[in-house]
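Here is the structure we will look at, set down as structure tokens.
Laboratory data are not the source of any read-out in this text; all were calculated from the coordinates shown. For clarity, every value in this text was computed on a predicted model and none was experimentally measured. Using ideal geometry, Cβ is built from the backbone for each residue, glycine included, and neighbour counts are taken over all protein chains shown.
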Amino acid sequence: MLTWGEDVEVHALRERGWSIAAIARHLGRDPKTIRAYVNGEREPGRRRSVADPLGPFTDYLAARFADDPHIWASALYDEVSKLGYGLSYVSFVRQLRTHKLRPHCEACSGVRGRPTTQIDHPPGAELQWDWFERRRAPWGNTAYVLLGSLPHSGRVRGVLAESTDQPHLVEAIDGVLRRFGGTARVWRTDRLATVVVPGTGDVQPSFVPVAKHYGVTVQPCPPRRANRKGSVEASVRFVCGRWWRTMTAATIAQAQGSLDRFLATVGDARPRPWPDGRGVGRTTVGALADAEPLLALPAAPYPAAVEVTRPVDVDATVAFRGNRYSVPPGLIGAELRLHHRLGTATLEVCSAAGSLLATHRLASAGAGQLVRTPEHRAALEGVVLGGLTSDRPCVRKGNHPPGPAALAEAARLLGPAGREVTVDLGRYAELAGGDR
């Protein structure tokens, strides 16, 4: 295809007497192309019209899309190839998109491109929740982070947890609320199975006492409407991109401290416009959040029971929240269950069958303390000292041939073939003299 400028040059050179071959060499084009433009068979800027390879199959494809709007293009290609379509799969997909034969499915399309509106969030009216998890955390396990976001101001706070079950969720919620200094009147969540009954919009019966404890109502997002909690979704992107990717912590306790500092400094310093155009210039997330009227929190968290499983180390201790707690000796390597009820200052250590083995006072998370009872200390010292000896060590490089007991056992195992042959020289001499 020639451009308009090349078409003008072709006709000008032809008027000067240039041959078709000379013009083609001058422009670097095929002589047949130059001849077509000279003879007026083609127009500049318009490609030569060719037959549509997909044209004979459009009615069949439309019928197949009526049968199944989500049928794979590769399956359709297999079908039309048997009907006479001769081009490649790549050409088939390109022509399929050009003809726009696949019908639009509104239920399966995402929110991108749909009309949107700005949802009004009065101060202190709503608090949005969401988990995000990252595998291969620096401490070796999956990192679970619960984020809470106030959509009016954009303030976000987060707590790292070991699991996403309901007790850990309740503990993380209380941690986020303590960092906010209060709670909004409505909690907005997606359809978490620990909060909402799957397949319905009803709150889980086991979560109802939690909401009553904090004096809030729970409103799940409508199905497939993630933009209804867009504030916390944006907070997840912000925390993942600005904090998680550059975090240098090696433990959960260090990561929690790093997250708290990041959200209180960088997170609260983000600029925001004044709501409803009030004020001059711009304000910050922290300033807007400080003015939000939040409900007061109860003195103690909801008494959910957190349970984890931990192995016993060689020093007869188990690890929990950055501290170690003693157990009776003789359980090295065993998996024990640790119970902690929120709001209490004790930790219960139980066997796999549920028998109570020890009860400890709970140390501050991440303090690195070793909590050992006097009874466990005395029992462990007895076991350790009882295993000590004052005997000299064995001589490992000495000569130790098989003893009588070993030789006898070897002869028994070998049978007649293992008996040692004894030669009597006197008898041998008598036999030799008789032969003379």
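For the reader, a short list of remarks on this structure follows.
- Put a dot 7 Å past the Cα of Arg261, heading toward its Cβ, do the same for Leu295, and the two dots end up 3.5 nm apart.
- Partner aspartates and glutamates for Lys100 [C-alpha distance under 18 Å; skip if fewer than 8 residues away on the same chain]: Asp52, Asp59, Asp67, Asp68
- Calculated translational diffusion coefficient of the range 251-377 (25 °C, 0.890 mPa s; Stokes-Einstein with Kirkwood radius over alpha-carbon pairs) equals 136 µm²/s.
- Per-pair calculated FRET efficiency, R0 = 35 Å: Thr246 and Leu370 via Cβ, rounded to 0.05: 0.60
- Plainly put, the range 126-290 has a radius of gyration that is 0.97 times its Kirkwood radius, both from alpha-carbon atoms, as the Rg/Rh ratio.
- 12 Å Cα-Cα reach of Lys32 towards aspartates and glutamates, excluding residues that sit fewer than 8 places from it in its own chain: Glu41
- Degrees separating the helix 230-242 axis from the principal Cα axis of the chain, which is the longest one: 70 degrees
- Taking label positions 7 Å along the Cα-Cβ direction at both Asn399 and Ala411, the computed distance is 2.3 nm, reported to one decimal.
- Mean shadow area of the chain over all directions, Cα convex hull, nm²: 57.4 nm²
- Rg over Rh [alpha-carbon atoms, Kirkwood Rh] for the range 307-436: 1.55
- Charging the Cβ of each Asp and Glu at -1 and of each Lys and Arg at +1, and nothing else, the dipole of the chain about its Cα centre rounds to 1420 debye.
- Gain on full extension, evaluated as 0.36 nm per residue between Arg392 and His99 minus their Cα-Cα distance, stands at 96.3 nm.
- Under 5 Å between amide hydrogens, built in the peptide plane, is the criterion, and for Arg155 it picks out Leu150 among residues at least 5 positions away or on other chains.
- Within a Gaussian network of the chain (alpha carbon springs, distance under 10 Å), most fluctuating of Val312, Val218, Val38: Val38
- The overall shape of the range 55-99 is rounded: from the C-alpha gyration tensor, with semi-axes ordered a ≥ b ≥ c, the ratio a/c is less than 1.5.
- Extended-chain gain in nm, criterion 0.36 nm per residue less alpha-carbon gap, Ala125 and Glu106: 3.7 nm
- Between Ser351 and Val384, the FRET efficiency from the beta-carbon distance, with R0 = 30 Å, is close to 0.85.
- Candidates Glu381, Glu348, Glu15, ranked by Gaussian network fluctuation over the chain, Cα under 10 Å, top entry: Glu15
- Relative packing of peptides 366-377, 165-176 - highest average C-beta neighbours within 10 Å first: 165-176, 366-377
- Residue of Arg324, Arg361, Arg29 that the Gaussian network model of the chain assigns the largest fluctuation, springs spanning Cα pairs under 10 Å: Arg29
- With neighbour counts taken as other beta-carbon atoms within 10 Å, the residues Cys350, Cys105 rank, fewest first, as Cys105, Cys350.
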